[in-house]
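The values are calculated or read from the model by the stated rules, or taken from the named source; none is laboratory data. Worth saying up front: this structure is predicted, and the values here are computed from it rather than measured. With ideal geometry, Cβ positions are generated from the backbone for all residues, glycine too; neighbour counts draw on all protein chains shown. We work out accessible area using only protein heavy atoms, side chains counted, and drop any ligands, DNA or RNA first. Shrake-Rupley method; radii C 1.70, N 1.55, O 1.52, S 1.80 Å.
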Amino acid sequence: MKYASIDIGTNAVLLMIVEIKDRIEEIYDTAVITRLGEGLKQTGDLSIEAMERTLNVLRHYKAIAEKNQVSEVFCVGTAALREAQNRDTFLERARKQLSFDIRVISEREEAYYTYLSVHQNLSDEEDVIIIDIGGGSTEIICGDRENIIDYISLPVGSVKLTEMFIKHDPPLDNEISLLRDFITSILKLPFKRKVQSVVGTAGTVTTLGSISKGLCEWDKKQIHGLTLKCKRIDEVVHRLLTKTISERSKLPGMEKGREDIIPQGIILLQEIMRYLGAEALMIDANGVRHGVLCERLALLNAQA
(Lines give C-alpha, C1' and ligand atoms only; values in the text may rest on other atoms or scores of the structure.)
Protein backbone atom coordinates (compact mmCIF):
# COMPACT_ATOMS: atom_id res chain seq x y z
CA MET A 1 0.00 0.00 0.00
CA LYS A 2 1.06 3.57 -0.65
CA TYR A 3 1.28 6.22 2.06
CA ALA A 4 2.17 9.91 2.14
CA SER A 5 3.84 11.75 4.99
CA ILE A 6 3.87 15.55 5.26
CA ASP A 7 6.06 17.48 7.70
CA ILE A 8 5.05 21.13 8.19
CA GLY A 9 8.02 22.97 9.62
CA THR A 10 8.85 26.56 10.50
CA ASN A 11 10.73 27.03 7.25
CA ALA A 12 9.76 24.22 4.86
CA VAL A 13 6.97 21.77 4.11
CA LEU A 14 8.14 18.31 3.11
CA LEU A 15 6.33 15.46 1.38
CA MET A 16 7.37 11.81 1.10
CA ILE A 17 5.35 9.12 -0.69
CA VAL A 18 6.27 5.49 -0.19
CA GLU A 19 5.02 2.00 -0.78
CA ILE A 20 5.12 -0.14 2.34
CA LYS A 21 5.56 -3.88 1.87
CA ASP A 22 8.01 -5.67 4.13
CA ARG A 23 10.04 -2.45 4.05
CA ILE A 24 9.66 1.18 2.97
CA GLU A 25 10.20 1.84 -0.74
CA GLU A 26 10.44 5.55 -1.53
CA ILE A 27 8.44 6.75 -4.54
CA TYR A 28 8.58 10.53 -4.21
CA ASP A 29 10.28 13.03 -1.91
CA THR A 30 10.19 16.82 -2.12
CA ALA A 31 10.32 20.01 -0.06
CA VAL A 32 9.10 23.56 -0.57
CA ILE A 33 10.12 26.55 1.55
CA THR A 34 7.03 28.47 2.72
CA ARG A 35 8.50 30.14 5.85
CA LEU A 36 5.38 29.45 7.92
CA GLY A 37 7.13 30.77 11.03
CA GLU A 38 8.16 34.08 9.48
CA GLY A 39 7.89 36.81 12.14
CA LEU A 40 6.47 34.37 14.69
CA LYS A 41 9.04 35.21 17.35
CA GLN A 42 8.14 38.90 17.17
CA THR A 43 4.34 38.62 16.97
CA GLY A 44 3.48 35.25 18.48
CA ASP A 45 1.20 34.59 15.50
CA LEU A 46 1.39 33.01 12.06
CA SER A 47 0.94 35.73 9.45
CA ILE A 48 -1.89 35.55 6.94
CA GLU A 49 0.64 35.51 4.09
CA ALA A 50 2.68 32.67 5.61
CA MET A 51 -0.45 30.59 6.21
CA GLU A 52 -1.59 31.17 2.63
CA ARG A 53 1.81 30.15 1.20
CA THR A 54 1.77 26.98 3.25
CA LEU A 55 -1.83 26.07 2.43
CA ASN A 56 -1.07 26.50 -1.28
CA VAL A 57 1.79 24.01 -1.00
CA LEU A 58 -0.39 21.59 0.97
CA ARG A 59 -3.00 21.88 -1.78
CA HIS A 60 -0.34 20.93 -4.31
CA TYR A 61 0.82 18.02 -2.15
CA LYS A 62 -2.75 16.76 -1.85
CA ALA A 63 -2.97 16.62 -5.65
CA ILE A 64 0.32 14.70 -5.84
CA ALA A 65 -0.88 12.23 -3.21
CA GLU A 66 -4.14 11.68 -5.08
CA LYS A 67 -2.28 11.18 -8.36
CA ASN A 68 -0.18 8.50 -6.67
CA GLN A 69 -3.30 6.87 -5.22
CA VAL A 70 -2.05 6.82 -1.63
CA SER A 71 -4.15 5.00 0.95
CA GLU A 72 -3.51 7.46 3.77
CA VAL A 73 -1.82 10.80 4.35
CA PHE A 74 -0.05 11.45 7.66
CA CYS A 75 0.44 15.13 8.36
CA VAL A 76 2.45 16.52 11.29
CA GLY A 77 3.40 20.03 12.37
CA THR A 78 6.40 21.03 14.44
CA ALA A 79 7.81 24.15 16.15
CA ALA A 80 5.84 26.93 14.41
CA LEU A 81 2.54 25.18 15.03
CA ARG A 82 3.52 24.31 18.60
CA GLU A 83 4.20 27.96 19.38
CA ALA A 84 1.74 30.03 17.35
CA GLN A 85 -1.14 31.56 19.33
CA ASN A 86 -3.37 31.38 16.25
CA ARG A 87 -2.43 27.86 15.17
CA ASP A 88 -6.06 26.71 15.42
CA THR A 89 -6.95 29.08 12.58
CA PHE A 90 -4.41 27.39 10.33
CA LEU A 91 -5.35 23.87 11.45
CA GLU A 92 -9.04 24.54 10.85
CA ARG A 93 -8.40 25.92 7.36
CA ALA A 94 -6.32 22.86 6.47
CA ARG A 95 -9.09 20.62 7.78
CA LYS A 96 -11.92 22.38 5.98
CA GLN A 97 -10.17 23.16 2.69
CA LEU A 98 -8.02 20.06 2.28
CA SER A 99 -9.39 17.45 4.71
CA PHE A 100 -5.93 17.32 6.33
CA ASP A 101 -6.05 16.52 10.01
CA ILE A 102 -2.68 17.94 11.03
CA ARG A 103 -1.21 16.50 14.22
CA VAL A 104 0.95 19.00 16.08
CA ILE A 105 3.67 16.86 17.59
CA SER A 106 5.57 17.55 20.80
CA GLU A 107 9.31 18.12 21.04
CA ARG A 108 9.72 14.55 22.27
CA GLU A 109 7.68 13.14 19.38
CA GLU A 110 9.74 15.18 16.91
CA ALA A 111 12.92 13.77 18.43
CA TYR A 112 11.47 10.26 18.31
CA TYR A 113 10.52 10.45 14.63
CA THR A 114 13.93 11.87 13.78
CA TYR A 115 15.51 8.95 15.64
CA LEU A 116 13.27 6.41 13.84
CA SER A 117 14.37 7.78 10.46
CA VAL A 118 18.04 7.20 11.33
CA HIS A 119 18.22 4.23 13.71
CA GLN A 120 18.05 1.41 11.15
CA ASN A 121 21.37 2.59 9.75
CA LEU A 122 23.12 2.56 13.13
CA SER A 123 25.69 -0.02 14.15
CA ASP A 124 25.12 -2.26 17.16
CA GLU A 125 28.26 -1.12 18.96
CA GLU A 126 28.05 2.60 19.48
CA ASP A 127 25.81 5.41 20.63
CA VAL A 128 25.11 8.17 18.16
CA ILE A 129 24.12 11.82 18.41
CA ILE A 130 21.51 12.98 15.88
CA ILE A 131 21.22 16.72 15.19
CA ASP A 132 18.00 17.94 13.56
CA ILE A 133 18.25 21.67 12.81
CA GLY A 134 14.89 23.12 11.89
CA GLY A 135 13.74 26.65 11.29
CA GLY A 136 12.25 27.15 14.75
CA SER A 137 13.75 24.44 16.95
CA THR A 138 16.68 22.05 17.05
CA GLU A 139 16.43 18.51 18.37
CA ILE A 140 19.59 16.79 19.60
CA ILE A 141 19.09 13.10 20.25
CA CYS A 142 21.33 10.48 21.79
CA GLY A 143 20.44 6.92 20.82
CA ASP A 144 21.65 3.47 19.88
CA ARG A 145 20.41 0.71 17.58
CA GLU A 146 17.52 -0.09 19.92
CA ASN A 147 16.29 3.06 21.66
CA ILE A 148 16.51 6.78 22.29
CA ILE A 149 18.72 7.27 25.33
CA ASP A 150 18.08 10.99 25.84
CA TYR A 151 17.19 14.13 23.90
CA ILE A 152 17.00 17.88 24.22
CA SER A 153 15.08 20.44 22.16
CA LEU A 154 16.62 23.88 21.76
CA PRO A 155 14.04 26.64 21.10
CA VAL A 156 16.05 28.03 18.17
CA GLY A 157 16.67 27.17 14.54
CA SER A 158 17.90 28.82 11.37
CA VAL A 159 14.91 31.16 10.92
CA LYS A 160 14.74 32.28 14.57
CA LEU A 161 18.49 32.90 14.80
CA THR A 162 18.42 34.96 11.62
CA GLU A 163 15.55 37.11 12.88
CA MET A 164 17.24 37.52 16.27
CA PHE A 165 20.76 38.45 15.21
CA ILE A 166 21.22 39.26 11.51
CA LYS A 167 20.41 42.81 10.42
CA HIS A 168 22.97 43.35 7.63
CA ASP A 169 23.73 41.69 4.30
CA PRO A 170 26.27 40.16 4.48
CA PRO A 171 26.26 39.83 8.29
CA LEU A 172 28.65 41.99 10.32
CA ASP A 173 31.41 40.27 12.29
CA ASN A 174 29.81 41.53 15.49
CA GLU A 175 26.47 39.96 14.58
CA ILE A 176 28.13 36.59 14.03
CA SER A 177 30.05 36.90 17.31
CA LEU A 178 26.85 37.62 19.21
CA LEU A 179 25.15 34.71 17.44
CA ARG A 180 27.93 32.29 18.42
CA ASP A 181 27.98 33.58 22.01
CA PHE A 182 24.24 33.07 22.31
CA ILE A 183 24.41 29.52 20.95
CA THR A 184 27.20 28.51 23.32
CA SER A 185 25.24 29.99 26.23
CA ILE A 186 22.27 27.65 25.62
CA LEU A 187 24.27 24.49 24.95
CA LYS A 188 23.76 22.64 28.22
CA LEU A 189 23.40 19.14 26.82
CA PRO A 190 22.84 16.04 28.97
CA PHE A 191 25.20 14.01 26.77
CA LYS A 192 28.77 12.87 27.11
CA ARG A 193 31.42 14.87 25.28
CA LYS A 194 33.76 13.50 22.63
CA VAL A 195 31.24 11.38 20.76
CA GLN A 196 32.39 9.15 17.93
CA SER A 197 29.33 9.26 15.68
CA VAL A 198 27.23 12.32 14.75
CA VAL A 199 24.39 12.32 12.22
CA GLY A 200 22.81 15.51 10.87
CA THR A 201 19.39 15.79 9.27
CA ALA A 202 16.92 18.38 7.85
CA GLY A 203 17.32 21.18 5.32
CA THR A 204 20.25 23.08 6.82
CA VAL A 205 22.38 19.94 6.82
CA THR A 206 21.31 18.60 3.43
CA THR A 207 21.89 22.01 1.84
CA LEU A 208 25.32 22.14 3.47
CA GLY A 209 26.08 18.82 1.82
CA SER A 210 24.77 19.98 -1.54
CA ILE A 211 26.86 23.17 -1.43
CA SER A 212 29.91 21.22 -0.36
CA LYS A 213 29.49 18.91 -3.35
CA GLY A 214 28.69 21.82 -5.68
CA LEU A 215 25.59 20.10 -7.05
CA CYS A 216 23.83 21.93 -9.87
CA GLU A 217 20.57 20.24 -8.90
CA TRP A 218 19.39 18.34 -5.84
CA ASP A 219 20.41 14.68 -5.84
CA LYS A 220 19.38 12.85 -2.67
CA LYS A 221 21.48 9.80 -3.55
CA GLN A 222 24.65 11.89 -3.49
CA ILE A 223 23.83 13.56 -0.17
CA HIS A 224 22.27 10.77 1.92
CA GLY A 225 25.14 9.10 3.76
CA LEU A 226 27.69 11.79 2.84
CA THR A 227 30.31 12.47 5.53
CA LEU A 228 31.76 15.95 6.05
CA LYS A 229 34.80 16.77 8.18
CA CYS A 230 34.67 19.84 10.43
CA LYS A 231 37.31 21.55 8.29
CA ARG A 232 35.06 21.29 5.22
CA ILE A 233 32.07 22.66 7.17
CA ASP A 234 34.22 25.60 8.34
CA GLU A 235 35.21 26.33 4.73
CA VAL A 236 31.58 26.42 3.59
CA VAL A 237 30.58 28.78 6.43
CA HIS A 238 33.44 31.16 5.66
CA ARG A 239 32.45 31.18 2.01
CA LEU A 240 28.79 31.91 2.80
CA LEU A 241 29.54 34.73 5.25
CA THR A 242 31.58 36.66 2.68
CA LYS A 243 28.68 36.75 0.23
CA THR A 244 25.41 38.66 0.06
CA ILE A 245 22.09 36.85 0.00
CA SER A 246 21.87 37.45 -3.75
CA GLU A 247 25.36 36.03 -4.30
CA ARG A 248 24.60 32.98 -2.15
CA SER A 249 21.48 32.27 -4.19
CA LYS A 250 23.69 31.65 -7.23
CA LEU A 251 25.95 29.10 -5.51
CA PRO A 252 25.72 25.53 -6.83
CA GLY A 253 23.86 23.44 -4.27
CA MET A 254 21.93 26.30 -2.66
CA GLU A 255 18.27 25.51 -2.08
CA LYS A 256 16.14 28.38 -3.36
CA GLY A 257 14.66 30.31 -0.44
CA ARG A 258 17.29 29.18 2.07
CA GLU A 259 20.05 31.63 1.11
CA ASP A 260 19.26 34.15 3.89
CA ILE A 261 19.16 31.65 6.76
CA ILE A 262 21.68 28.96 5.79
CA PRO A 263 24.80 30.53 7.40
CA GLN A 264 23.07 30.82 10.77
CA GLY A 265 21.84 27.23 10.60
CA ILE A 266 25.30 25.87 9.82
CA ILE A 267 26.89 28.01 12.55
CA LEU A 268 24.44 26.41 15.00
CA LEU A 269 25.59 23.02 13.70
CA GLN A 270 29.25 24.04 14.10
CA GLU A 271 28.79 25.07 17.71
CA ILE A 272 26.92 21.89 18.63
CA MET A 273 29.64 19.75 17.02
CA ARG A 274 32.33 21.77 18.78
CA TYR A 275 30.55 21.29 22.11
CA LEU A 276 30.38 17.53 21.51
CA GLY A 277 33.98 17.28 20.33
CA ALA A 278 32.80 15.74 17.05
CA GLU A 279 35.25 15.64 14.15
CA ALA A 280 32.84 14.76 11.34
CA LEU A 281 29.15 14.61 10.43
CA MET A 282 27.21 12.04 8.43
CA ILE A 283 24.18 13.41 6.59
CA ASP A 284 20.80 11.68 6.69
CA ALA A 285 18.44 13.09 4.06
CA ASN A 286 15.20 11.63 5.46
CA GLY A 287 13.98 13.10 8.75
CA VAL A 288 10.64 13.37 10.53
CA ARG A 289 8.45 12.55 7.52
CA HIS A 290 10.34 9.27 7.09
CA GLY A 291 10.18 8.52 10.80
CA VAL A 292 6.38 8.81 10.74
CA LEU A 293 6.31 6.18 7.99
CA CYS A 294 8.74 3.95 9.93
CA GLU A 295 6.22 4.00 12.79
CA ARG A 296 3.48 2.97 10.38
CA LEU A 297 5.61 0.07 9.09
CA ALA A 298 6.23 -1.11 12.64
CA LEU A 299 2.49 -1.02 13.36
CA LEU A 300 1.69 -3.03 10.22
CA ASN A 301 4.34 -5.60 11.12
CA ALA A 302 2.93 -5.90 14.63
CA GLN A 303 -0.55 -6.55 13.19
CA ALA A 304 0.68 -9.16 10.69
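In this label model, R180 and K250 are separated by 2.8 nm, measuring between points 7 Å along each Cα→Cβ vector. Per-residue Karplus couplings for segment 294-299, computed as 6.51 cos²θ - 1.76 cosθ + 1.60 with θ equal to phi - 60°, are listed in order as 4, 5, 5, 4, 4, 5 Hz, Gly and Pro entered as x. Between L300 and A63, the simple label model (points 7 Å from Cα in the Cβ direction) yields a spacing of 2.7 nm.
Using a 1.4 Å probe on the protein heavy atoms, what percent of the accessible area of the chain belongs to carbon and sulfur?
Details: 6630 of 13710 Å².
Result for the chain: 48 percent of the exposed heavy-atom area is carbon or sulfur.
Bridgeable lysines around K62 (alpha carbons under 20 Å apart, same-chain partners fewer than 8 residues away excluded): K2, K96.
In straight-distance terms, cross-link reach from K243 covers every one of the aspartates and glutamates whose alpha-carbon lies under 12 Å from its own, apart from those fewer than eight places away in the same chain; here that gives D169, E259, D260. Listed by chain and number, the aspartates and glutamates whose C-alpha is less than 12 Å from the C-alpha of K41, apart from same-chain residues fewer than 8 away, are E83, E163.
Using only Cα atoms, figure out Rg for segment 36-175 and give it as a multiple of 2.2 N^0.38 Å.
Numbers: Rg = 17.6 Å, N = 140, 2.2 N^0.38 = 14.4 Å.
This ratio for segment 36-175 stands at 1.22.
Applying 1/(1 + (r/R0)^6) with R0 = 25 Å to the Cβ-Cβ distance of H238 and E217 gives a FRET efficiency near 0.55. Scalar couplings 3J(HN,Hα) for segment 209-221, obtained by applying the Karplus form with A = 6.51, B = -1.76, C = 1.60 to θ = phi - 60°, are x, 5, 5, 4, 7, x, 6, 6, 8, 4, 9, 4, 5 Hz; x denotes Gly and Pro. Of interest is the spacing of the C-alpha centroids, which for segment 1-46 and segment 242-278 amounts to 21 Å.
Packing here is the average count of other Cβ atoms within 10 Å per residue, and on that basis the peptides 22-28, 233-239, highest first, run 233-239, 22-28. Reported to the nearest whole Å, the Cα centre-to-centre distance from segment 78-93 to segment 118-181 is 22. Remark: the Cα gyration tensor places segment 174-272 in the oblate category, a/c being 1.5 or greater and a/b not exceeding b/c. On the beta carbon distance between M1 and A280, with R0 = 51 Å, the FRET formula returns roughly 0.85.
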